[in-house]
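Enquirer: Structure incoming, see below.
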Amino acid sequence: PGTGYQAWLGYPSIASDKSINEYMAYNRLHVTEDDEVIQTAVSELSRGLEGMLGVPPTQAVQVENAIVLGTIGGHPHVGLVFVEHQFEDIGPEGYFIWHDNENQSIVVGAATPSGVLYGTFHLLRVLRMGASLENLTLVERPANKLRMINQWDNMDGSVERGYAGTSIFYKDSRFSEDLGRVRDYARLLASVSVNAIVINNVNVHKVESKLITEFLPQVARLAAIFRAYAIKLFVSVNFASPIEIGGLSTADPLDPAVRQWWKDATAGIYQQIPDFGGFLVKADSEHRPGPFTYNRDHADGSNMLAEALKPFGGIVIWRCFVYNCKQDWRDRKTDRARAAYDHFKPLDGKFMDNVILQIKNGPIDFQVREPVSPLLGAMPSTNQVLELQITQEYTGQQRHVFYLIPQWKEILEFDTYAKGEGSTIKLAASGALHGNPLAGIAAVSNIGDDLNWTGHLLAQANLYGYGRLIWNPELTVDEITEEWIVLTFGHHEKLMATIKQILLSSSTIYESYTAPLGVGFMVTPHTHYGPDVDGYEYAMWGTYHYADWQGIGVDRTQATGTGYTSQYLGPNCERYESLVTCPDDLLLFFHHVPYTHILHSGKTVIQHIYDAHFEGAEQAAALVDLWADLSGTMEAGLHKQVTERLMEQAEHAKEWRDRINTYFYRKSGIADGLHRFIHL
Ligand code: GCU
């Protein structure tokens, strides 16, 4: 108790609620299939019902007064109900839940066992939310086919950009002995419909290269755990594996010996894991090996792996995070923001049909504020998935609260104009925009072995919300937020209002006291935590703000800058190109302007910087008081965890405020219009 370990899957007793009697009437399960995933659904439902009702459900002999779980083809009653009611096409992973008033039963049906599992978790959510079962009829199907989590776990036990302890998968270059934690993680993921996981970091070192050879038996054990929860397992592979672990002298994708090596290695994997998902690849990116070494392109590289996976139904997920990470800061022509599009767009149509390109939501790197990547939706003949980052690398590292769902909603609703108006990112991601057979969304996980999974308890909402949103991007931020709050903390009016307020204001607050107006990267090099305005200014990573005594920002226009704006289509291109229409919050991403430039808000850039930083730090401090007021509404342990983080955030926000304000006061020599104190 008080640890947060159950996350949103706790099932406290409802003995004193008015719904107890209604729910109790269904405490019997009617199941006829012994499929593994259906049995998972049964055990999840039993666990939930027992927690809430105090007694485990019994086995029902008749469908009356029972919860009926099963597939349309495997459970006769479910099949009958489906035919009688002609529920709209539910697809392979969708489900229906139908309350049968006559028989007093609840039928959860799907075409496949995974659909039954998702329907079961949905029913559990309905029960936990305290909804009435009367007239409960619904049909759901996922918008996205691939709903994936990427672990950035290394086998030494560290987690790249992990802020919640060490890996639950590995320790000291071996697999963890106790995989109970992995099973509990699978439960959390499946409960929000995640159906694929990559179990190791995209930066694959020597030891992880052996996941597809020497460590296969252990990988197979993990695959079995995830299989029971309908989650497919993938691994990140090292493009130079043929050299690194294969004893060859080259990894050239067009070399027959290299191609054969990958075919043999892949066949070996499928011998042990027949339903293996495939590979995730980071190539020619941040010093990782790739096809460029051999003067080949990314289609050559990915197609080689796709060919090896194809006979087994596997797929290659190939990342587009490819840019020159050895840039000279004096070179103002090269623009990292352009890189993914420039590298990949010309290759449209050259990828095999089991290759998917994985594209980060922004053109640079998961900053607090970036425009949407122009590559998304821009390759009609190529499968794409959108990559998000749940782990809060640049968004406060789970020491600051930063609720990501509003940002993701904005991204998904963004109109690319790729096929005229209405060509939103959500349609590009789902594949519906261009009719791509493989598509979806992936995100970098935010969990580790901290007891509460995510370090900051409120960061659990990001993992929860991610899953809900990728199943159904139409869900509103409010709906997702309210669900998470009730499932995690229970029903309580004040608690609901306050936590909602904290979450919904959190990203704006963080944005206020960190890098201004979309400029990004004013962070401590390497750790990416805390302010360092010039930390990356003379480095080779291509992340500059160009602040001088007169102004700040990156000129990415076609007229006078790097021409990045030309990668956008339709009205977006002109909107970003022109100072008149460029939105304030992205101004410095697209333009270099004087500090005295007047924003749409009516303020000058410099005054905006001062105001945002003073106000942001104040608002961060106010979060501590808001939370303090919730003492007594939840278990003391939970309350304390968040108090500690919010206090740290409030202190750290002051550091951000002062560093940024002082920096720009020193550079510009322009005083704060409101005469607040700025250190010199
Ligand atoms: C960021 C992050 C790296 C990561 C990289 C990637 O640059 O800081 O740690 O490896 O993204 O997505 O590959």
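The values are calculated or read from the model by the stated rules, or taken from the named source; none is laboratory data. Quantities reported herein were computed from a predicted structural model and do not represent experimental measurements. Backbone-built Cβ (ideal geometry, glycine too); neighbour counts: all protein chains shown. Only protein heavy atoms, including side chains, enter the accessible area calculation; ligands, DNA and RNA are left aside. Shrake-Rupley method; radii C 1.70, N 1.55, O 1.52, S 1.80 Å.
Enquirer: For S173, list long-range residues whose amide hydrogen, built 1.01 Å from N in the peptide plane, is under 5 Å from its own amide hydrogen.
Expert: D156, G157
Enquirer: Could I ask something else about it? Using the Karplus equation 6.51 cos²θ - 1.76 cosθ + 1.60 (θ = phi - 60°), what ³J(HN,Hα) coupling, rounded to whole Hz, does each residue of region 163-174 give in order, writing x for Gly and Pro?
Expert: Values per residue, Gly and Pro as x: 10, 9, x, 9, 5, 8, 9, 10, 7, 6, 6, 9 Hz.
Enquirer: How large a share of the accessible area of region 126-167, in percent, is made up of carbon and sulfur atoms when the probe is 1.4 Å and the other protein chains stay in place?
Expert: 49
Enquirer: From the phi angles alone, apply the Karplus equation (6.51, -1.76, 1.60; θ = phi - 60°) to region 236-243 and give each ³J(HN,Hα) in whole Hz, x where the residue is Gly or Pro.
Expert: After applying 6.51 cos²θ - 1.76 cosθ + 1.60, I find 7, 10, 8, 4, 8, 3, x, 7 Hz.
Enquirer: On to the next question. Cross-link partners among aspartates and glutamates for K333, C-alpha distance below 16 Å, same-chain residues fewer than 8 apart left out?
Expert: Those aspartates and glutamates meeting the cut-off are D342, E537, D555.
Enquirer: Per the helix-only calculation at 222 nm, which mean residue ellipticity applies to the chain, given -39500 (n - 2.57) for every DSSP H run of n ≥ 4 and division by its residues, nearest 500 deg cm²/dmol?
Expert: -11500 deg cm²/dmol
Enquirer: If you add up the charges near W261, with Lys and Arg at +1 and Asp and Glu at -1, over every other residue whose beta carbon is less than 12 angstrom from its beta carbon, what do you get?
Expert: It works out to a net charge of -2.
Enquirer: Now for a separate question. Beyond 34 Å, what share of the Cα-Cα pairs of the chain is found? Please give it as a whole percent.
Expert: 48
Enquirer: Hey, got a sec? Which GluC sites (Glu not before Pro) in region 53-140 land in a DSSP loop and have at most 14 other Cβ atoms within 10 Å?
Expert: E64, E88, E102, E134
Enquirer: Could you name the aspartates and glutamates in cross-link range of K494, using Cα to Cα under 12 Å and dropping any fewer than eight places away on the same chain?
Expert: D629
Enquirer: Given H placed 1.01 Å from N in the peptide plane, which residues other than close sequence neighbours of W329 have an amide H under 5 Å from its amide H?
Expert: Hits under the 5 Å cutoff: none.
Enquirer: Cross-link candidates for K419: which aspartates and glutamates have Cα within less than 16 Å, leaving aside residues fewer than 8 places away along the same chain?
Expert: Excluding near neighbours in sequence, the set is D348.
Enquirer: Right, something else. Can you give the longest stretch of the chain with no exposed loop site, where a site means trypsin sites (Lys or Arg not before Pro) in a DSSP loop (not H, G, I, E or B) with at most 11 other C-beta atoms within 10 Å?
Expert: The answer is 334-680.
Enquirer: For the pairs K171/K232; K326/K603; K18/K500; K232/K282; K360/K654, note any where the Cα-Cα span goes beyond 27 Å.
Expert: K326/K603; K360/K654
Enquirer: If you count only protein heavy atoms and use a 1.4 Å probe, how large is the accessible surface of C582, to the nearest 10 Å²?
Expert: The accessible area of C582 comes to roughly 0 Å².
Enquirer: What percentages make up the Cα-Cα pair-distance distribution of region 452-544 when the bins are 10 Å wide from 0?
Expert: 14, 33, 28, 20, 4, 0
Enquirer: Please work out the C-alpha center-to-center distance from region 485-507 to region 213-247 and express it in whole Å.
Expert: Computed from Cα coordinates, the inter-centre distance equals 39 Å.
Enquirer: Right, next: For region 308-324, in order, what is each residue's ³J(HN,Hα) by Karplus, 6.51 cos²θ - 1.76 cosθ + 1.60 with θ = phi - 60°, in whole Hz (x at glycine and Pro)?
Expert: Per-residue couplings from phi come out as 5, 7, 3, x, 9, x, x, 10, 10, 10, 10, 7, 9, 7, 10, 7, 7 Hz.
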